[in-house]
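Please read the structure below before turning to the comments.
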Amino acid sequence: MAEPPPGTRSLAWGSEMTGLTTYIAKRLLGSVPIVLALSVLVFSIMHLVPGDPAQMMLGEIGVLAEATANLRKQLGLDDPIHVQYFRFISKALRGDFGRSFRSSQPVAQMLKEQFPSTFELTVAGLATAIVLGVLLGIIAAVRRNSMVDHISMLIALFGVSMPGFWFGLVLIMVFSFTLRLLPATGSGTLKHLILPALALGLGALAVVARLVRSSVLDVLKEDYVRTARAKGLSERVVIYRHVLRNSLIPVVTMVGLQFGRLLGGSVVIEQVFTRQGIGRLTVNAILDKDFQVVQGGVFLSALVFILVNLLVDISYAWLDPRVRYE
Amino acid sequence: MARVPKTQQEHAGSQAADRQEIKSPFRLAFIRLRKNRAAMVALVIVLAEIVVAAGAPLFTGYDPVEINPPDALQSPSSVHIMGTDQFGRDIWTRILYGARISLQVGVISVTIATLIGVPMGLIAGYYGGRVDTAVVGAMDLMLAFPGILLALAIVTILGPSLANSMIAVGISAIPARVRLVRGSVLSTKENAYIEAARALGCPVTTIMFRHILPNIVSPLIVLTSLSIANAILTAASLSFLGLGAQPPIPEWGAMLGGGRAYMGVAWWMTTFPGVAIMITVLGMNILGDGLRDAFDPKLST
């Protein structure tokens, strides 16, 4: 890229924007093959599962061979595989994932109904993890080697090792069955969201807490922190103004990674709390052999994941210009 | 040590001691690991679990699978220390046999991942070019799936069963290995001794497995320990969802899934299998952390 003439601020700013635009364009182009490959993979689910899709649609028992053959023709299952793939992808691009084998509802409609619930749970889980994790990490670092530090790190250690679905069951036993404070199942209100979000966020919370702790400890050693203290600033100002801001940068990078992890985790948590959502829809579809729905659920989840990672990368490139020139 | 004049014999002895000072990286790592108290506790947990899994019938008088309706849903007592499930099966017995399954799942799926992932990483890193692009692309695709979803897609294709869940978990663990090995190969292959081996006409496989792979062994061991923990957790999740081990297999995740409906009346059905999973995963994770610190003291915090 051409060096902007010295002294022209607006031009320099313009070139910075060009750099960012180039980066975004490059990243967008880079995800095209991934999405294409993903579509091939999702398409092949239907063709790799044992059995004839038309047979599965009609149910397993005693169907006339003629009816099956008719349906095969109607669905285009006798066409060459690449013709079928192009039909699949052109429909998918228009948001058409076919109809459920079981309920005959359009899959896109089902996904649209279920997605907000999953999104809500994932965001709530992530928010829980970040808020509590950052808090725990800071306290642990500032009071290093104290009782608080040890307890925080013990929580973090249990957090990574405790299966989220079991933690969810424990929460239900304690808060729903014993204390009768919060509902065990269902969705809709904030009360329904608290336990699932906590169960989902626990693992990420532990990761965030450990990261923040070591990051804060690193920043505390920096010269500018010593300078700030030497200036006579109160400890509170030093921590909040100087230490915190700088030690939270690595947390930003991790958010994308954790979002994906939580999106995957929601599959299990939705089942624990009998909560509606994409994950529960997909799992039930797998158990029901309703592969049309499985395709839609897997495709949508992976797409959202790719999109979030893209956004995180772009925001990171925006925060740290060095990333753009890799 | 005080320096005193040595006799011939003493001199020979101290030479031997000097020779002992040169320790292999593995010995050094082991010495460091032994000083790490948490890691040693974790090692004991893991070893104890292996013993329990191997000798499961020695620790119980019950059968893990056979149903016994009159004993259904009994709370923990001296007869059934962890209570019984809805079919009257002893939970403690099922946990013991479940340890076998969990360890199997961890070891087999990580072995699958290693056998496929390590050669792929070696080849991609060593040859570079198009092979590398293809491998990295495939791995990026696999990583485009959030968390457990790739395993779910694979189980969909293969059908729900314990064996298939191991395959699914193993396949989803491949990218981590490929990345690690490929990265290490890229940094190792520029060394002069690799060039020398090539100049001497060493076959490529010899260079890969004898000259490059040994450099990667320690990070690979650490990754293995951590990913066994992860594999056990993911496979348990699949079984919990009904997509892994099928009843009546005493798998911990499946036990949790089965006990979910009885949570209000039989807390022991979900509490003990959960504790079992947690202790196992905790042990593997702490051991993995300990191994990492032992192999690379610079990284320890």
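The values are calculated or read from the model by the stated rules, or taken from the named source; none is laboratory data. It should be emphasised that the depicted structure is a prediction, and the values quoted were computed from it without experimental measurement. Ideal geometry is used to build each Cβ from the backbone, glycine not excepted, and the neighbour counts take in all protein chains shown.
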- [ ] Go through segment A:63-105 and count every residue that is surrounded by 14 or more Cβ atoms within 10 Å (Cβ to Cβ) and either polar (S, T, N, Q) or out of contact with any helix residue (DSSP H, G or I) (no Cβ under 9 Å at 6 or more places or on another chain) (or both).
- [x] 4
Task: Residue, farthest from the chain's Cα centre (by Cα), within segment A:71-89, restricted to residues that are among the aliphatic types (A, V, I, L, M) and in a helix (DSSP H, G or I) - done: A:LEU71
- [ ] Of all residues in segment B:230-242, count the ones that are facing another protein chain (nearest Cβ under 7 Å) and within 11 Å of B:SER102 (Cα to Cα).
- [x] 2
Task: Residues satisfying the stated conditions in segment B:242-284, i.e. in contact (Cβ under 8 Å) with a residue 60 or more places away in the chain and under 22 Å from A:LEU157 (Cβ atoms) - done: B:TRP252, B:PHE272, B:PRO273, B:ALA276, B:ILE277, B:ILE279, B:THR280, B:LEU282, B:GLY283, B:MET284
- [ ] Out of B:GLY183, B:GLY117, B:GLY128, report the one residue that is surrounded by 23 or more Cβ atoms within 10 Å (Cβ to Cβ) and among the small types (Gly, Ala, Ser).
- [x] B:GLY117
- [ ] Considering each residue of segment B:116-163, count those that are in a helix (DSSP H, G or I) and more than 12 Å from every other protein chain (Cβ to nearest Cβ), and give that number.
- [x] 19
Open item on the list: Just checking, does segment B:3-24 include any residue being within 21 Å of the chain's Cα centre (by Cα), assigned to a helix (DSSP H, G or I) and either at pLDDT below 90 or of a type outside the set (Val, Ile, Thr) (or both)?
Closed with: no
TODO: Just need a number here: residues in segment B:259-283 that are in a helix (DSSP H, G or I), of a type outside the set (Ser, Thr, Tyr) and either under 15 Å from A:SER176 (Cβ atoms) or in contact with a Phe, Trp or Tyr (Cβ under 9 Å, 6 or more places away or on another chain) (or both).
DONE: 13
Open item on the list: Which numbered condition in (1) modelled with pLDDT of 75 or more; (2) surrounded by fewer than 18 Cβ atoms within 10 Å (Cβ to Cβ); (3) not aromatic (Phe, Trp, Tyr) is the only one that A:ILE45 fails?
Closed with: (2)
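Name the single residue that is farthest from the chain's Cα centre (by Cα) among those in segment A:200-252 being among the polar types (S, T, N, Q) and in a helix (DSSP H, G or I). Spell out how you get there, then give the answer.
Narrowing segment A:200-252 to residues among the polar types (S, T, N, Q): A:214-215, A:227, A:234, A:246-247.
Checking which are in a helix (DSSP H, G or I) leaves us with A:214-215, A:227, A:246-247.
Values: A:SER214: 24, A:SER215: 24, A:THR227: 40, A:ASN246: 25, A:SER247: 23 Å.
Ranking the qualifying residues of segment A:200-252, first place goes to A:THR227.
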- [ ] Select from segment A:46-68 the residues that are touching a residue at least 12 places away in the same chain (Cβ under 8 Å) and more than 14 Å from every other protein chain (Cβ to nearest Cβ) and write down the one among them that is nearest to A:GLN292 (Cα to Cα).
- [x] A:MET57
Open item on the list: Whether any residue in segment A:261-279 is within 9 Å of chain B (Cβ to nearest Cβ), out of contact with any strand residue (DSSP E or B) (no Cβ under 6 Å at 6 or more places or on another chain) and under 30 Å from A:ASP218 (Cα atoms) is what I want to check.
Closed with: yes
Task: Out of B:LEU223, B:LEU256, sole residue that is within 24 Å of B:ALA151 (Cα to Cα), more than 8 Å from chain A (Cβ to nearest Cβ) and part of a helix (DSSP H, G or I) - done: B:LEU223
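Inspect all residues belonging to segment B:69-84 and state whether any of them is of a type in the set (A, V, I, L, M, F, W, C), outside any loop (DSSP other than H, G, I, E, B) and crowded, with 18+ Cβ neighbours inside 10 Å. Spell out how you get there, then give the answer.
Taking segment B:69-84 as the starting set, the residues that turn out to be of a type in the set (A, V, I, L, M, F, W, C) are B:72-73, B:79, B:81-82.
Still in the list and also outside any loop (DSSP other than H, G, I, E, B): none.
No, segment B:69-84 contains no residue that is of a type in the set (A, V, I, L, M, F, W, C), outside any loop (DSSP other than H, G, I, E, B) and crowded, with 18+ Cβ neighbours inside 10 Å.
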Task: Residues (buried (at least 24 other Cβ atoms within 10 Å of the Cβ) and in a helix (DSSP H, G or I)) located in segment A:265-278 - done: A:GLY265, A:SER266, A:VAL267, A:VAL268, A:ILE269, A:GLU270, A:VAL272, A:ILE278
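With the structure loaded, tell me whether A:ALA140 is buried (at least 20 other Cβ atoms within 10 Å of the Cβ), of a type outside the set (Lys, Arg) and assigned to a helix (DSSP H, G or I) or whether it fails that test. Reasoning before the result, please.
Numbers: buried (at least 20 other Cβ atoms within 10 Å of the Cβ): yes; of a type outside the set (Lys, Arg): yes; assigned to a helix (DSSP H, G or I): yes.
Yes.
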